[in-house]
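The values are calculated or read from the model by the stated rules, or taken from the named source; none is laboratory data. Since we're looking at a predicted model, the values are computed, not measured. All Cβ positions, even for glycine, are placed from backbone atoms using ideal geometry, and neighbour counts span all protein chains on display.
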Amino acid sequence: MRKMIRLAIALLAAGLSFMSDACADSGWEESFFKANQAYREGHFEEAIDGYLHLIRSGKGGGPVYYNLGNAYLKADRLGRAVWAYERALLLTPRDPDLRFNLSHARDQTVDAMGDPRGSIETVFFWLRSFSLRELFGGFAVLNLLFWSVLIIRLFNRSEWLYYIFLFVISLWFVTGLSFGLKYYRVTTDDRAVVLQKEADILAGPDATDTVLFKLHEGTVVHHERSEDGWSLIRVSDKNRGWVTSEAIGRISDDASDPN
Amino acid sequence: MKKLVLLLAFSMALLGPSNAYADVSVSLSLDRQEATPSDSIRMVVSVSGARQCDVPPVIKGLERFGLTQGGSSTRVEIRDGSIRSGVDYTYYLTPSQPGSFQIGPARVQVDGDIFESNTVLLTIVKAAPRESSAKGAIFLTAGLSTKKVYVEEQVIYTLRLYLRTRVANISLELPEQDHLTFQQLGKPREYQDVVDGHTYQVVEVGYALMGLKPGDYRIGPAQMEMTAYGSGQQSRRGFFDDPFFSDPFFRTGRPMRVSSEPIELKVVSLPAEGKPEGFSGLVGSFTIASELTPPKIRAGESATLTVQVSGRGNVRRIPDLGMPGLEHVKIYADEPVFTAGHDGKGLAGTKTMKWAIVPELPGDYQIPPLSVSFFDPKAGEYRVLQSPGHPLAVIPGKGKMIMVDVEGERQDGARKAEKQEIREIGHDILPLHASVRDLGTRSWTRNGAPVLWAVLLLPAFAYVSTFLGLRFRKRSLQTLPAQRAKRAARNLIRQCRQSGGNDPERLSLLVRDYFNDRFGLALASLTPEDAAGILASKGVAPETAGRLRDVLQTIENAIYAGKGQGAGRTGQDIPGIIREIEREIR
């Protein structure tokens, strides 16, 4: 009996929490429209603040990052625009407007960049066309279908059900593998974007160290580790060095503005 | 009609004395005893007394002669008042070398008997130089248009066959000589000519002769072989002098071979002095002509320059002329066209070369002259031919490039060039996304992702639960009888203890219920014998079953006979017996 009471209390708390969130979310659409209006009126910094507010409040969908990238680009902050577009690409990878604008932004960068595609994306080429959420949704449905077929087979072991099981388990395996790889790529994404107009890449995490080379805003680098406000980055096997952490923004950092 | 009557009479004469033969004899004869290698000798093997032989005659002594069969003919003759038949076999001998040869004997077989002929001595002598006055009915002459030529200069080699008799099956064997080439100039022509007062039918054939290397050549005699038929000239008219018998059907052809005289030819080298640069070895007489059409075009359009080099000589050495490049002009060369032939004076030919000229810019252009060099053997010097230059006026085009129809690939290239690249005029990003769809759910995979794991694991949990539930249910069904048995025994023991065993009717009912629950029965009453039988069938030992039977008997006695003293002790014995039964059944 005590267990039943505890379960009822937990369900009630969850429901209240959901309703509270719903009430709190009632104003985000207005914030979104206000930011869009500010953008259209040329108030790009105001638009940026609006989009960042939405992101911090948990409404960081692909369109918000896309609009944020547009606002950054109009505000002549190329590095942050690239960062926002790359973030949006993770969420809405098949958005043609996004790809166009990202290409436009990349065209304005100074440093030459190679193809960041890894071996996993080369073999599992379809991973770039689906977001992690989409792959999870597909896998969740197939997972449900897979276990449902297994449950049905406990009661009915007919031949046609066996073939259905083979078909479902094949799809289940492919989507599960894709989801796993995508999840791995997203959670281990070490890419970062140079945010400053020009950043000195030093030989060590100290301002007095030798400047190895310079990078310009919008350039995508690989972040290896951070120490005391410095980040070790890698452009290629030849070009590695330290840069101040505020000079770059990690693409996997989605909670807020990179700086 | 007269011919027909004579033919019928002749046939009757042949068919009539079919069996009139006797005393077979064979004779061999030649039409001459002395001859030259260029002659053909007629040989006849005559068999008298038989109309045919079993096999054709076999003649010895012909190893060094060419032999041509002239056919066979039968004959009928009346001698001493008797009719005799015979057959003549005709051959033509062609000697291959001088010498004396014994011809024969000819051996024939008639009705199984062998008959031999006589032999004849034939002498073959070398041919003496033929004097012009000694020309016969058939002779062959050869001549050159000149006795001295330059290398690859063509000279006309003419063969003339003079005939005063009818011939057929003419074949020609040209002399073979290294570094000399013969090429026939058209078909033979025939005409009449008078030689030494005799009218001849002349067959003339010409050849273009070229010396490929300098030197003194002796062109050997050309030889002609043919079948000649007799002239039919008779000193007096006889029975068979009728025009009917002058038909070739009734004549016998004889092979003939005639030879021409050998000829000397001197071939000299081309002079080294004055040899133009790029001289191709062209020797003869040539001209050059050129034409540019149209002389006025738009920029991007094409005009065609046509240059023709033609003449007589070694025309296959006419070179492909090269067109020099022009600034702002594209030039496409067409495949040259070469045509060769001959006339009465030798080999002739023409090479036609075309260029498509496409000016890219308007203006006045000058198409340069083209030149070709050759050696003129008549003048004994080199000459250079030069085509005239052509002015080409180019006016501004219409904007589109029209490529000439020379090469399909270039046309494809032109079509590709006509496509215009997309030119960016402005450069800007695409507008904002105004839809609120897909705005929410940030970082749903972070913070442990309980929803994620729940969605992924709940179906698996449901499956495991269902599986375990089924297993449990299945196991429960399997243990139900044992549980029921244990419960039944437990109930009976507890009831016995509670009742204390003093109520025999209750004890009887308890035992009956135990049996019903324990073994799944529905007995309304249970006798001691039935109980013992059931236990025995379930594997209980007879002693144990007997003990229970005794107990039940005691209870029945207590109930129905009023002997209640033993029931109390019996009630205390029942739990022990039941435990023993359960142990034995298990």
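When you scan the stretch A:160-174, do you find a residue that is among the hydroxyl-bearing types (Ser, Thr, Tyr), modelled with pLDDT under 90 and either part of a helix (DSSP H, G or I) or surrounded by 15 or more Cβ atoms within 10 Å (Cβ to Cβ) (or both), even just one? No - not one qualifying residue is present in the stretch A:160-174. State the number of residues belonging to the stretch A:67-80 that are surrounded by fewer than 23 Cβ atoms within 10 Å (Cβ to Cβ) and more than 10 Å from chain B (Cβ to nearest Cβ). Count: 3.
Selection of first residues in the stretch A:116-131 that are assigned by TED's automatic domain parsing to the domain that holds A:Gly176 and of second residues that are surrounded by 15 or more Cβ atoms within 10 Å (Cβ to Cβ) and at pLDDT below 85, restricted to Cβ pairs under 7 Å at least 6 apart or on distinct chains, gives the following pairs, ordered by first then second residue: A:Leu127/A:Glu121; A:Arg128/A:Glu121. The residue of the stretch B:70-117 that is farthest from B:Val55 (Cα to Cα), among those that are of a type in the set (Lys, Arg) and at pLDDT below 85, is B:Arg79.
Conditions tested, residue by residue: (1) farther than 28 Å from B:Ile395 by Cβ; (2) modelled with pLDDT of 90 or more; (3) loosely packed, with under 13 Cβ neighbours inside 10 Å.
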position	(1), (2), (3)
B:Gly278	yes, no, yes
B:Thr304	no, no, no
B:Met323	no, no, no
B:His342	yes, no, no
B:Thr352	yes, yes, no
B:Glu360	no, no, no
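Apart from one condition, B:Ser260 fits all of (1) within 49 Å of the chain's Cα centre (by Cα); (2) modelled with pLDDT under 80; the exception is (2).
Scanning the stretch B:145-197 for residues that are without any contact (Cβ under 8 Å) to a residue 40 or more places away in the chain, part of a strand (DSSP E or B) and under 17 Å from B:Lys135 (Cα atoms) returns B:Gln192, B:Asp193, B:Val194. Of the residues making up the stretch B:128-147, none is within 29 Å of B:Gln33 (Cβ to Cβ), surrounded by fewer than 13 Cβ atoms within 10 Å (Cβ to Cβ) and at pLDDT 85 or above. Taking the criterion of being surrounded by fewer than 18 Cβ atoms within 10 Å (Cβ to Cβ) and under 19 Å from B:Val47 (Cβ atoms), the residues of the stretch B:62-79 that qualify are B:Leu62, B:Leu67, B:Gln69, B:Gly71, B:Ser72, B:Ser73, B:Thr74, B:Arg75, B:Val76, B:Glu77, B:Ile78, B:Arg79. Do we have A:Ser252 as touching a strand residue (DSSP E or B) at 6+ places or on another chain (Cβ under 9 Å), polar (S, T, N, Q) and within 14 Å of chain B (Cβ to nearest Cβ) here? Against the criterion (touching a strand residue (DSSP E or B) at 6+ places or on another chain (Cβ under 9 Å), polar (S, T, N, Q) and within 14 Å of chain B (Cβ to nearest Cβ)), A:Ser252 qualifies. Based on this model, can you work out whether B:Arg487 counts as charged (D, E, K, R) and modelled with pLDDT under 80? Here the answer is no, as B:Arg487 does not meet what is asked. The residues in the stretch A:215-255 that are within 22 Å of A:Ala112 (Cα to Cα) and loosely packed, with under 13 Cβ neighbours inside 10 Å can be counted, and the count is 3.
Determine which member of the set B:Val511, B:Val540, B:Val551 is at pLDDT 85 or above and part of a loop (DSSP other than H, G, I, E, B). Step through it out loud before you land on a result.
On the way: B:Val511 fails: part of a loop (DSSP other than H, G, I, E, B); B:Val551 fails: part of a loop (DSSP other than H, G, I, E, B).
None of the other options fit; the residue is B:Val540.
Here A:Leu202 does not qualify as surrounded by 15 or more Cβ atoms within 10 Å (Cβ to Cβ) and under 26 Å from the mean Cα position of the chain (by Cα). Annotation note: Cβ proximity below 7 Å between a residue of the stretch A:180-206 that is away from chain B (no Cβ under 14 Å) and a residue that is exposed (fewer than 14 other Cβ atoms within 10 Å of the Cβ) and of a type in the set (Ser, Thr, Tyr) (sequence gap 6+ or interchain) occurs for A:Leu202/A:Thr210; A:Ala203/A:Thr210.
Would you point out the residue of the stretch B:445-474, among those that are outside any helix (DSSP H, G or I) and more than 7 Å from chain A (Cβ to nearest Cβ), that is modelled with the lowest pLDDT?
Selected residue: B:Gly448.
Per the listing A:Arg128, A:Arg80, the residue uniquely among the basic types (Lys, Arg), in contact with a Gly (Cβ under 8 Å, 6 or more places away or on another chain) and under 30 Å from A:His223 (Cβ atoms) is A:Arg80.
Of all positions in the stretch B:506-523, at least one carries a residue that is at positive phi and without any contact (Cβ under 8 Å) to a residue 40 or more places away in the chain.
This table checks each residue for (1) modelled with pLDDT of 90 or more; (2) buried (at least 17 other Cβ atoms within 10 Å of the Cβ); (3) not charged (D, E, K, R).
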position	(1), (2), (3)
B:Phe286	yes, yes, yes
B:Leu326	no, no, yes
B:Val329	no, yes, yes
B:Phe374	yes, yes, yes
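If you go through the stretch A:51-66 and keep only what is basic (Lys, Arg) and more than 7 Å from chain B (Cβ to nearest Cβ), you end up with just A:Arg56.
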